[in-house]
Amino acid sequence: MSSIPIIPTGPQPAFFDEVGGHETFVKLVDAFYDGVADDPVLRPMYPEEDLGPAKERLVMFLEQYWGGPTTYSQQRGHPRLRMRHNPFKVNPDARDRWLAHMRVAVDGLGLSPLHEETLWSYLERAAFAMVNTFEE
């Protein structure tokens, strides 16, 4: 009698769950905004005195994107990332600074290599897509 491998059917866990859920995304966003808070190029792009609301929005967005709660869409509608970033001058310098702070944040999560690469690949693509000017 030959053995036939059983291929699991049914829903696979979401990336959100695989990396630790809400706590992981809060840790990522907190570390990211620690860098943004003192960045002379990025900080002015956040008009609120308190970065707390920006942190909350990014956590909700990333959680939803990666298969977690859909709170972002429930509260804010479609993400429309390009439109939401259009009022700000996002040039290559701003992109690179954003990526540098996010790299530190991602490195601090201690994810498996596959999860880290999956997350980083998305963040890098998103950062490049947000560039809306090449002016200084």
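Since every read-out is calculated from the coordinates, none of them should be taken as a lab result. Quick caveat: nothing in here was measured; it's all calculated off a predicted structure. Methodologically, a virtual Cβ is constructed for each residue, glycine included, from the backbone with ideal geometry; neighbour enumeration extends over all protein chains shown.
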Magnitude of the Cβ-charge dipole of the range 72-136, K/R +1 and D/E -1, about the Cα centre, nearest 20 debye?
-> 420 debye
Using a simple charge model, +1 on the beta-carbon of Lys and Arg, -1 on the beta-carbon of Asp and Glu, nothing else, what dipole does the range 19-97 show about its Cα centre, in debye to the nearest 20?
-> 500 debye
Hey, got the dipole for the chain? About the Cα centre, +1 on K and R Cβ, -1 on D and E Cβ, debye to the nearest 20?
-> 540 debye
Points 7 angstrom from Cα along the Cβ direction at Asp50 and Trp120: gap in nanometres?
-> 3.4 nm
For the range 22-100, alpha-carbon Rg and Dmax in angstrom = 12.7, 33
How large is Rg over Rh for the range 59-106, taking Rg from the Cα atoms and Rh as the Kirkwood inverse mean of 1/r across Cα pairs?
-> 1.04
One finds the C-alpha centres of the range 48-108 and the range 111-127 to be spaced, in Å, by 15 Å
Restricting the range 39-125 to GluC sites (Glu not before Pro) in coil, as DSSP defines it, with at most 16 other Cβ within 10 Å = Glu48, Glu49
Which loop-located chymotrypsin sites (Phe, Trp or Tyr not before Pro) does the range 68-136 contain, where loop means any DSSP state but H, G, I, E or B and the Cβ has at most 10 other Cβ atoms within 10 Å?
-> Phe134
